[in-house]
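Structure record follows, encoded as C-alpha coordinates.
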Amino acid sequence: MAEREFTREHVLSRAFGTFVDTPTLLNMVCGDCNQFFGDHLETRVARGAFEGLLRYQRGAKAPDRETVHLRYVEFTLPEGPAWAGVRLNLSWRDGKLAVDLISQVAFFDRATSQWVHFSDIEIEADALSKSTTLNRKTARIYGRSAEDRDRLLALLARRGISFGRLDDISAPEGLFQGSDIEVEVTFTINKGIRRCMAKYAFNFLALVSGAAFVLERDFDAIRRFIRYGEMPAYNLVRERFGPILRDDSATRRQTSGHLLTVNWAVSGIDLVGQVSLFNSVTYAVSLTRHYSGVWRPVRSGLHFNLRDRKVQPLQAVSALLLP
(Lines give C-alpha, C1' and ligand atoms only; values in the text may rest on other atoms or scores of the structure.)
Protein backbone atom coordinates (compact mmCIF):
# COMPACT_ATOMS: atom_id res chain seq x y z
CA MET A 1 0.00 0.00 0.00
CA ALA A 2 1.37 3.43 -0.94
CA GLU A 3 2.58 5.62 1.91
CA ARG A 4 0.06 8.30 1.01
CA GLU A 5 -2.78 5.88 1.77
CA PHE A 6 -1.74 5.71 5.41
CA THR A 7 -2.92 8.28 7.93
CA ARG A 8 -1.76 9.64 11.24
CA GLU A 9 -3.23 7.68 14.14
CA HIS A 10 -3.46 9.02 17.69
CA VAL A 11 -2.38 6.42 20.24
CA LEU A 12 -5.33 7.56 22.36
CA SER A 13 -8.38 9.14 20.75
CA ARG A 14 -8.75 12.91 21.06
CA ALA A 15 -12.32 12.24 22.18
CA PHE A 16 -10.84 11.71 25.65
CA GLY A 17 -8.96 15.00 25.69
CA THR A 18 -6.38 16.92 23.72
CA PHE A 19 -2.82 16.91 25.02
CA VAL A 20 0.41 18.73 24.25
CA ASP A 21 2.69 16.60 22.05
CA THR A 22 0.21 13.73 22.13
CA PRO A 23 1.83 10.52 20.83
CA THR A 24 0.87 9.53 17.30
CA LEU A 25 1.64 6.71 14.90
CA LEU A 26 2.85 7.79 11.47
CA ASN A 27 2.35 5.65 8.36
CA MET A 28 1.17 2.64 10.37
CA VAL A 29 -2.63 2.64 9.99
CA CYS A 30 -4.38 2.76 6.62
CA GLY A 31 -7.11 5.28 5.97
CA ASP A 32 -9.88 2.68 5.71
CA CYS A 33 -8.98 1.09 9.05
CA ASN A 34 -8.63 4.47 10.71
CA GLN A 35 -12.11 5.43 9.51
CA PHE A 36 -13.54 2.12 10.73
CA PHE A 37 -11.97 2.50 14.17
CA GLY A 38 -13.32 6.01 14.53
CA ASP A 39 -16.85 5.20 13.38
CA HIS A 40 -17.39 1.76 14.93
CA LEU A 41 -15.17 1.60 18.02
CA GLU A 42 -13.99 4.92 19.40
CA THR A 43 -17.12 6.97 18.78
CA ARG A 44 -19.33 4.33 20.39
CA VAL A 45 -17.12 4.18 23.48
CA ALA A 46 -16.78 7.95 23.79
CA ARG A 47 -20.51 8.55 23.40
CA GLY A 48 -21.99 5.43 24.94
CA ALA A 49 -19.74 3.73 27.50
CA PHE A 50 -18.94 4.42 31.14
CA GLU A 51 -15.76 6.16 29.95
CA GLY A 52 -18.02 8.46 27.94
CA LEU A 53 -19.72 9.50 31.16
CA LEU A 54 -16.33 10.15 32.77
CA ARG A 55 -15.13 12.36 29.92
CA TYR A 56 -18.02 14.74 30.63
CA GLN A 57 -17.71 14.44 34.40
CA ARG A 58 -13.93 15.04 34.42
CA GLY A 59 -14.03 17.92 31.94
CA ALA A 60 -12.29 16.19 29.04
CA LYS A 61 -15.23 17.03 26.76
CA ALA A 62 -18.47 19.00 26.99
CA PRO A 63 -21.65 17.44 25.55
CA ASP A 64 -22.96 18.98 22.34
CA ARG A 65 -26.60 18.82 23.49
CA GLU A 66 -28.54 19.22 26.72
CA THR A 67 -29.78 15.62 26.93
CA VAL A 68 -26.89 13.18 27.25
CA HIS A 69 -27.65 9.67 26.02
CA LEU A 70 -25.15 6.96 26.96
CA ARG A 71 -26.16 3.71 25.30
CA TYR A 72 -24.36 1.42 27.74
CA VAL A 73 -24.98 3.33 30.99
CA GLU A 74 -28.20 3.44 33.03
CA PHE A 75 -29.10 5.65 36.00
CA THR A 76 -31.71 4.74 38.59
CA LEU A 77 -32.87 6.01 41.98
CA PRO A 78 -32.06 3.86 45.01
CA GLU A 79 -33.99 5.65 47.76
CA GLY A 80 -37.58 5.18 48.86
CA PRO A 81 -39.68 2.06 48.22
CA ALA A 82 -41.95 3.90 45.77
CA TRP A 83 -39.08 5.43 43.79
CA ALA A 84 -36.50 2.63 43.92
CA GLY A 85 -35.53 1.63 40.39
CA VAL A 86 -36.93 4.76 38.73
CA ARG A 87 -34.95 5.42 35.57
CA LEU A 88 -33.24 8.75 34.94
CA ASN A 89 -31.87 10.74 32.06
CA LEU A 90 -28.52 12.50 32.14
CA SER A 91 -28.49 16.16 31.14
CA TRP A 92 -25.95 18.97 30.83
CA ARG A 93 -26.99 22.12 32.69
CA ASP A 94 -24.94 25.21 33.45
CA GLY A 95 -21.68 23.44 32.69
CA LYS A 96 -22.28 20.34 34.81
CA LEU A 97 -24.02 16.98 34.65
CA ALA A 98 -27.44 16.57 36.22
CA VAL A 99 -30.09 13.87 36.29
CA ASP A 100 -33.65 14.25 35.10
CA LEU A 101 -36.69 12.02 35.23
CA ILE A 102 -37.64 9.80 32.32
CA SER A 103 -41.43 9.70 31.89
CA GLN A 104 -42.29 6.12 32.83
CA VAL A 105 -44.77 3.63 34.25
CA ALA A 106 -43.93 0.77 36.63
CA PHE A 107 -45.88 -2.49 36.82
CA PHE A 108 -45.43 -5.21 39.43
CA ASP A 109 -44.04 -8.40 37.90
CA ARG A 110 -45.58 -11.45 39.55
CA ALA A 111 -42.78 -13.72 38.35
CA THR A 112 -39.92 -11.71 39.86
CA SER A 113 -41.81 -9.85 42.64
CA GLN A 114 -40.24 -6.62 41.41
CA TRP A 115 -41.46 -3.41 39.85
CA VAL A 116 -40.57 -3.19 36.17
CA HIS A 117 -40.26 0.28 34.62
CA PHE A 118 -41.26 1.19 31.06
CA SER A 119 -40.48 4.55 29.52
CA ASP A 120 -43.07 6.37 27.43
CA ILE A 121 -40.99 5.56 24.34
CA GLU A 122 -41.00 1.85 25.19
CA ILE A 123 -44.75 1.90 25.75
CA GLU A 124 -45.21 3.56 22.37
CA ALA A 125 -43.12 0.73 20.89
CA ASP A 126 -45.55 -1.80 22.45
CA ALA A 127 -43.00 -3.21 24.92
CA LEU A 128 -45.80 -4.10 27.36
CA SER A 129 -47.15 -6.77 25.02
CA LYS A 130 -43.92 -8.74 25.45
CA SER A 131 -44.39 -9.07 29.22
CA THR A 132 -47.02 -11.63 30.26
CA THR A 133 -46.43 -11.71 34.03
CA LEU A 134 -47.22 -8.08 34.85
CA ASN A 135 -50.06 -7.10 37.14
CA ARG A 136 -51.77 -4.56 34.89
CA LYS A 137 -54.31 -3.57 37.53
CA THR A 138 -51.69 -1.75 39.60
CA ALA A 139 -49.16 0.75 38.35
CA ARG A 140 -46.93 3.59 39.44
CA ILE A 141 -46.90 6.65 37.21
CA TYR A 142 -43.79 8.84 37.19
CA GLY A 143 -43.93 12.21 35.45
CA ARG A 144 -42.58 15.70 35.96
CA SER A 145 -46.05 17.26 36.18
CA ALA A 146 -49.78 16.46 36.33
CA GLU A 147 -49.92 17.01 32.56
CA ASP A 148 -47.10 14.53 32.04
CA ARG A 149 -48.88 11.91 34.17
CA ASP A 150 -52.13 12.49 32.27
CA ARG A 151 -50.26 11.92 29.01
CA LEU A 152 -48.92 8.60 30.31
CA LEU A 153 -52.41 7.52 31.41
CA ALA A 154 -53.79 8.36 27.98
CA LEU A 155 -50.97 6.38 26.39
CA LEU A 156 -51.89 3.35 28.50
CA ALA A 157 -55.62 3.79 27.85
CA ARG A 158 -55.02 3.49 24.11
CA ARG A 159 -53.58 0.04 24.89
CA GLY A 160 -56.58 -0.98 26.97
CA ILE A 161 -54.98 -0.34 30.37
CA SER A 162 -56.82 1.91 32.83
CA PHE A 163 -57.02 2.38 36.60
CA GLY A 164 -59.77 3.38 38.99
CA ARG A 165 -57.44 5.23 41.37
CA LEU A 166 -53.77 6.09 41.54
CA ASP A 167 -51.87 7.12 44.65
CA ASP A 168 -49.89 10.34 44.52
CA ILE A 169 -46.16 9.57 44.77
CA SER A 170 -44.01 12.46 45.96
CA ALA A 171 -40.69 12.83 44.17
CA PRO A 172 -37.42 12.66 46.16
CA GLU A 173 -36.29 16.08 47.30
CA GLY A 174 -34.03 17.82 44.82
CA LEU A 175 -34.83 15.64 41.81
CA PHE A 176 -36.39 18.47 39.81
CA GLN A 177 -34.26 21.25 41.30
CA GLY A 178 -30.87 20.17 39.95
CA SER A 179 -29.60 19.32 43.44
CA ASP A 180 -27.04 16.63 44.14
CA ILE A 181 -28.86 13.35 44.74
CA GLU A 182 -27.66 9.80 45.10
CA VAL A 183 -28.11 7.61 42.03
CA GLU A 184 -27.13 4.10 41.07
CA VAL A 185 -25.06 3.71 37.91
CA THR A 186 -25.14 0.45 35.96
CA PHE A 187 -22.95 0.08 32.91
CA THR A 188 -22.23 -2.62 30.36
CA ILE A 189 -18.81 -3.60 29.04
CA ASN A 190 -19.25 -5.40 25.74
CA LYS A 191 -17.12 -6.71 22.93
CA GLY A 192 -17.00 -3.40 21.09
CA ILE A 193 -15.68 -1.60 24.16
CA ARG A 194 -13.06 -4.30 24.72
CA ARG A 195 -11.95 -4.02 21.07
CA CYS A 196 -11.46 -0.29 21.49
CA MET A 197 -9.37 -0.72 24.63
CA ALA A 198 -7.35 -3.43 22.89
CA LYS A 199 -6.71 -0.95 20.08
CA TYR A 200 -5.29 1.62 22.50
CA ALA A 201 -3.01 -0.98 24.09
CA PHE A 202 -1.86 -2.20 20.66
CA ASN A 203 -1.29 1.38 19.50
CA PHE A 204 0.93 1.96 22.52
CA LEU A 205 2.92 -1.21 21.81
CA ALA A 206 3.42 -0.02 18.21
CA LEU A 207 4.64 3.33 19.53
CA VAL A 208 7.10 1.66 21.88
CA SER A 209 8.35 -1.15 19.62
CA GLY A 210 7.70 -0.02 16.05
CA ALA A 211 5.65 -1.30 13.12
CA ALA A 212 7.89 -4.24 12.18
CA PHE A 213 7.50 -5.78 15.64
CA VAL A 214 3.71 -5.56 15.88
CA LEU A 215 3.29 -6.89 12.34
CA GLU A 216 4.84 -10.21 13.31
CA ARG A 217 2.56 -13.26 13.16
CA ASP A 218 2.55 -13.53 16.95
CA PHE A 219 0.23 -10.51 17.00
CA ASP A 220 -2.27 -11.83 14.44
CA ALA A 221 -4.88 -12.68 17.10
CA ILE A 222 -5.00 -9.23 18.67
CA ARG A 223 -4.93 -7.49 15.28
CA ARG A 224 -7.85 -9.56 13.97
CA PHE A 225 -9.80 -9.03 17.18
CA ILE A 226 -9.42 -5.26 16.92
CA ARG A 227 -10.22 -5.03 13.21
CA TYR A 228 -12.74 -7.84 12.71
CA GLY A 229 -13.89 -8.88 16.18
CA GLU A 230 -12.54 -12.41 15.79
CA MET A 231 -12.00 -14.20 19.10
CA PRO A 232 -9.39 -16.90 19.78
CA ALA A 233 -9.99 -19.66 22.34
CA TYR A 234 -8.81 -17.44 25.22
CA ASN A 235 -9.91 -14.03 26.52
CA LEU A 236 -7.97 -11.17 24.99
CA VAL A 237 -9.32 -8.43 27.27
CA ARG A 238 -10.20 -8.59 30.96
CA GLU A 239 -11.48 -5.67 33.00
CA ARG A 240 -11.25 -4.96 36.71
CA PHE A 241 -11.64 -2.06 39.13
CA GLY A 242 -8.17 -2.56 40.55
CA PRO A 243 -5.76 0.32 39.85
CA ILE A 244 -2.63 0.28 37.70
CA LEU A 245 -0.51 2.46 39.98
CA ARG A 246 0.86 0.59 42.96
CA ASP A 247 0.19 3.39 45.44
CA ASP A 248 -3.46 3.72 44.41
CA SER A 249 -6.26 1.94 46.21
CA ALA A 250 -9.82 0.98 45.28
CA THR A 251 -11.11 4.24 46.77
CA ARG A 252 -8.18 6.65 46.34
CA ARG A 253 -6.46 7.43 43.05
CA GLN A 254 -3.49 9.75 42.57
CA THR A 255 -4.69 11.01 39.21
CA SER A 256 -7.85 11.21 37.15
CA GLY A 257 -5.80 11.09 33.96
CA HIS A 258 -5.39 8.21 31.51
CA LEU A 259 -2.80 5.46 31.96
CA LEU A 260 -1.27 3.14 29.35
CA THR A 261 1.32 0.48 30.13
CA VAL A 262 2.94 -2.43 28.33
CA ASN A 263 5.22 -5.12 29.73
CA TRP A 264 6.10 -8.79 29.56
CA ALA A 265 4.18 -11.00 31.97
CA VAL A 266 5.98 -13.07 34.59
CA SER A 267 6.30 -15.89 32.05
CA GLY A 268 8.55 -13.69 29.90
CA ILE A 269 6.81 -14.85 26.71
CA ASP A 270 3.37 -13.27 27.14
CA LEU A 271 3.00 -9.57 26.40
CA VAL A 272 0.32 -7.59 28.24
CA GLY A 273 -0.93 -4.02 27.87
CA GLN A 274 -3.06 -2.10 30.34
CA VAL A 275 -5.47 0.74 29.61
CA SER A 276 -7.27 2.82 32.21
CA LEU A 277 -9.12 5.89 31.00
CA PHE A 278 -9.54 8.44 33.79
CA ASN A 279 -7.69 5.94 36.04
CA SER A 280 -10.97 4.14 36.58
CA VAL A 281 -11.75 0.74 35.02
CA THR A 282 -8.54 -1.12 34.13
CA TYR A 283 -8.47 -3.25 30.97
CA ALA A 284 -5.71 -5.86 30.77
CA VAL A 285 -5.04 -6.76 27.13
CA SER A 286 -3.29 -9.95 26.05
CA LEU A 287 -1.23 -8.64 23.14
CA THR A 288 0.43 -11.98 22.42
CA ARG A 289 0.85 -15.35 24.08
CA HIS A 290 3.96 -17.55 23.82
CA TYR A 291 5.92 -15.03 21.76
CA SER A 292 8.18 -16.93 19.37
CA GLY A 293 10.49 -14.13 18.23
CA VAL A 294 13.56 -12.48 19.68
CA TRP A 295 12.82 -11.07 23.13
CA ARG A 296 13.24 -7.32 23.57
CA PRO A 297 12.61 -4.96 26.49
CA VAL A 298 9.29 -3.16 26.11
CA ARG A 299 8.36 -2.11 29.66
CA SER A 300 6.87 1.35 29.36
CA GLY A 301 4.02 3.53 30.55
CA LEU A 302 2.37 6.88 29.82
CA HIS A 303 0.25 9.22 31.93
CA PHE A 304 -2.12 11.55 30.09
CA ASN A 305 -2.42 14.33 32.66
CA LEU A 306 -5.80 16.04 32.46
CA ARG A 307 -4.75 18.93 34.69
CA ASP A 308 -1.97 20.35 32.51
CA ARG A 309 -2.92 18.48 29.31
CA LYS A 310 0.54 16.97 29.01
CA VAL A 311 1.64 13.40 28.36
CA GLN A 312 4.23 12.15 30.82
CA PRO A 313 6.27 8.94 30.86
CA LEU A 314 5.87 6.80 33.95
CA GLN A 315 9.53 7.02 34.84
CA ALA A 316 9.37 5.37 38.25
CA VAL A 317 8.78 1.84 37.00
CA SER A 318 8.60 0.63 40.60
CA ALA A 319 5.30 2.53 40.89
CA LEU A 320 3.77 0.46 38.12
CA LEU A 321 1.54 -2.42 39.05
CA LEU A 322 2.35 -4.57 36.06
CA PRO A 323 0.94 -8.05 35.41
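Using the alpha carbons of region 1-106, what is the convex hull volume per residue in cubic angstrom, as a whole number? Present the calculation step by step, with values, prior to reporting the outcome.
On the way: hull volume 13.1 nm³, N = 106.
Convex hull of Cα atoms, per residue: 123 Å³.
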With only helices counted (DSSP H, runs n ≥ 4, each -39500 (n - 2.57)), the per-residue ellipticity at 222 nm for the chain, to the nearest 500, works out to -6000 deg cm²/dmol
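Report Rg/Rh for the chain, rounded to two decimals, where Rg is the Cα radius of gyration and Rh the Kirkwood radius.
Numbers: Rg = 23.8 Å, Rh = 22.4 Å.
Expressed as Rg/Rh, it is 1.06.
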Leaving ligands, DNA and RNA out of it, rank HIS290, HIS117 by accessible area with a 1.4 Å probe, largest first. HIS290, HIS117
Using only the Cα atoms of region 1-49, what do you get for the radius of gyration and for Dmax, in Å? 11.7, 35
Tell me, what HN-Hα J-couplings in whole Hz come from the Karplus equation 6.51 cos²θ - 1.76 cosθ + 1.60 at θ = phi - 60° for each residue of region 251-265, using x for Gly and Pro? 10, 10, 10, 6, 8, 9, x, 8, 10, 10, 9, 8, 6, 6, 6
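Once you order the gyration tensor axes a ≥ b ≥ c over the Cα atoms, which shape class does region 70-176 get: rounded for a/c under 1.5, otherwise prolate or oblate by comparing a/b with b/c?
prolate
How big is D, in µm² s⁻¹, for region 231-275 by Stokes-Einstein at 25 °C and 0.890 mPa s if Rh is the Kirkwood radius over C-alpha pairs? Don't jump to the answer; show the numbers that get you there.
Values: Rh = 12.6 Å.
In µm²/s, the coefficient is 195.
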Dividing the surface of the Cα convex hull of region 50-123 by four yields a projected area in nm² of 6.0
Nearest-ten-degree value, helix 191-209 long axis tilted from longest Cα axis of the chain: 20
Report, to the nearest 10°, how far helix 146-157 tilts away from the longest principal axis of the Cα atoms in the chain, using its own Cα long axis and a range of 0 to 90°. 90
Can you send over the carbon and sulfur percentage of the accessible area for the chain, probe radius 1.4 Å, protein chains only? 48
Please compute the Kirkwood hydrodynamic radius over region 204-323, one decimal place, Å, based on all pairs of different Cα atoms. 15.0
In the chain, which longest range has no chymotrypsin sites (Phe, Trp or Tyr not before Pro) that are both DSSP loop (not H, G, I, E or B) and surrounded by at most 16 other Cβ atoms within 10 Å? 1-162
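If you wrap a convex hull around the C-alpha atoms of region 183-243 and split its volume per residue, what is the figure in Å³? Write down the numbers at each step before the final one.
Values: hull volume 7.0 nm³, N = 61.
Each residue corresponds to 115 Å³ of Cα convex hull volume.
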Translational diffusion of region 118-273, µm² s⁻¹ [Kirkwood Rh, Cα pairs; Stokes-Einstein; 25 °C; 0.890 mPa s]: 115
Any lysines whose Cα falls less than 25 Å from that of LYS199, other than same-chain ones fewer than 8 residues away, would be LYS61, LYS191, LYS310
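The values are calculated or read from the model by the stated rules, or taken from the named source; none is laboratory data. Everything numeric in this text was worked out from a predicted model, so none of it was measured. FYI the Cβ positions are ideal-geometry reconstructions off the backbone, even for glycines, and counts take in every protein chain you see. With ligands, DNA and RNA removed, areas are computed over all heavy atoms of the protein, side chains included. Shrake-Rupley method; radii C 1.70, N 1.55, O 1.52, S 1.80 Å.
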